[in-house]
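**Q** Here it is, the structure, as structure tokens.
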Amino acid sequence: MGRLSLQGRRGLVVGIANEHSIAWGCARAFHDAGAELAVTWFNDKARPYVEPLAQQVRAAVALPLDVEQPAQMEALFDAIAQQWGKLDFVLHSIAFAPKGDLHGRVVDTSREGFARAMDISCHSFARMARLAEPLMKDGGSLMTMSYVGAEEVIPDYGVMGPVKAALEAGTRYLAAELGPKGIRVNAVSPGPLATRAASGIPNFDALLDDARRRAPLRRLVDIDDVGALAAFLASDAARNITGSTLYVDAGYHILG
């Protein structure tokens, strides 16, 4: 499998909701490259959709994780420490904003809604990094998912634009702080994908059509495209890449 082999690596994948999730495309790519995985589901409602996928990738650890519940996150990392004693990579692929705030103007966003969106979508990545740090004894790779709306105004993307901008800035700061320990931190910015999370964005079908029409490659990406990039970032082939936002969007981001 060459330099992209993840044989002997152990990683955590957070954000699988169903077989259409970006996190599932990444989990599949990690597994195909030889990695051993830990996966999570959000709640009891999601569990029946995620457990069969966890079985497909022979996940060694499969537990609930609602990042608003600190005890659940601590229990997850404790289980990983007990099972493996180390961790090589983390894939963070979760985002949320209350519907009322997501569908409105940024200027009208509630204080509570903005704070909750920032906590779940952005600060949870920093909390995972803190818990992963002592387990990454030989260095590691932390990855999160962003979107071009972090750097330019995308119609109807609303409050998630500022939140993803904060996530990308946080990625750079985490990379600077954890780099001396050999821990790399990067954001992946896929083009629009028809996932469960994206379905909450108003007029999302129009956004997909626009991306397909305007992207230089004249096509949309899929979860396997994102998974291939994530597997690269988890591998030694990306050993000198950190603090970056890497796009996998058929070139859509260059159009402005």
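The values are calculated or read from the model by the stated rules, or taken from the named source; none is laboratory data. What you see is a predicted model; the values in this text were computed from it and never measured. All Cβ positions, even for glycine, are placed from backbone atoms using ideal geometry, and neighbour counts span all protein chains on display.
**Q** Just one of 97, 62 is touching a Gly at 6+ places or on another chain (Cβ under 9 Å) and of a type in the set (A, V, I, L, M); which is it?
**A** 97
**Q** Mind checking whether some residue in region 220-227 is within 17 Å of the chain's Cα centre (by Cα), over 23 Å from residue 36 (Cα atoms), buried (at least 16 other Cβ atoms within 10 Å of the Cβ) and free of Cβ contacts under 8 Å to residues at least 60 places away in the same chain?
**A** yes
**Q** In addition: Take residue 165 and tell me if it is without any contact (Cβ under 8 Å) to a residue 24 or more places away in the chain, hydrophobic (A, V, I, L, M, F, W, C) and not in a loop (DSSP other than H, G, I, E, B).
**A** yes
**Q** If residue 174 meets every condition in (1) over 30 Å from residue 254 (Cβ atoms); (2) buried (at least 23 other Cβ atoms within 10 Å of the Cβ) apart from one, which number is that one?
**A** Here residue 174 clears every test but (1).
**Q** Now for a different question. In region 94-143, how many residues are among the β-branched types (Val, Ile, Thr) and in contact with a Phe, Trp or Tyr (Cβ under 7 Å, 6 or more places away or on another chain)?
**A** 1
**Q** Listed residues 59, 33; which is at pLDDT 95 or above, touching a helix residue (DSSP H, G or I) at 6+ places or on another chain (Cβ under 6 Å), closer than 21 Å to residue 136 by Cα and surrounded by 17 or more Cβ atoms within 10 Å (Cβ to Cβ)?
**A** 33
**Q** Which count do you get for residues in region 62-80 that are more than 24 Å from residue 236 (Cα to Cα), in contact (Cβ under 8 Å) with a residue 40 or more places away in the chain and of a type in the set (A, V, I, L, M, F, W, C)?
**A** Residues that pass the stated criteria total 5.
**Q** Within region 124-150, how many residues turn out to be of a type outside the set (Gly, Ala, Ser) and either touching a residue at least 60 places away in the same chain (Cβ under 8 Å) or surrounded by fewer than 16 Cβ atoms within 10 Å (Cβ to Cβ) (or both)?
**A** The total comes to 9.
**Q** Go through 211, 250, 206, 234 for me and flag whichever is in contact with a helix residue (DSSP H, G or I) (Cβ under 6 Å, 6 or more places away or on another chain) and either under 26 Å from residue 172 (Cα atoms) or not β-branched (Val, Ile, Thr) (or both).
**A** Only one candidate qualifies: 211.
**Q** While we're on this one: Looking only at region 104-118, decide whether some residue is at pLDDT 95 or above and under 21 Å from residue 133 (Cβ atoms).
**A** no
**Q** With respect to residue 88, is the statement that it is charged (D, E, K, R), buried (at least 18 other Cβ atoms within 10 Å of the Cβ) and under 22 Å from residue 242 (Cβ atoms) true?
**A** yes
**Q** Which one of these does residue 97 not meet: (1) over 26 Å from residue 177 (Cα atoms); (2) surrounded by fewer than 22 Cβ atoms within 10 Å (Cβ to Cβ); (3) hydrophobic (A, V, I, L, M, F, W, C); (4) touching a helix residue (DSSP H, G or I) at 6+ places or on another chain (Cβ under 8 Å)?
**A** Of everything listed in (1) over 26 Å from residue 177 (Cα atoms); (2) surrounded by fewer than 22 Cβ atoms within 10 Å (Cβ to Cβ); (3) hydrophobic (A, V, I, L, M, F, W, C); (4) touching a helix residue (DSSP H, G or I) at 6+ places or on another chain (Cβ under 8 Å), residue 97 misses just condition (2).
**Q** Right, residue 72: more than 17 Å from the chain's Cα centre (by Cα), in a helix (DSSP H, G or I), exposed (fewer than 14 other Cβ atoms within 10 Å of the Cβ) and not aliphatic (A, V, I, L, M) or not?
**A** Taking the combined requirement at face value, the residue does not satisfy it.
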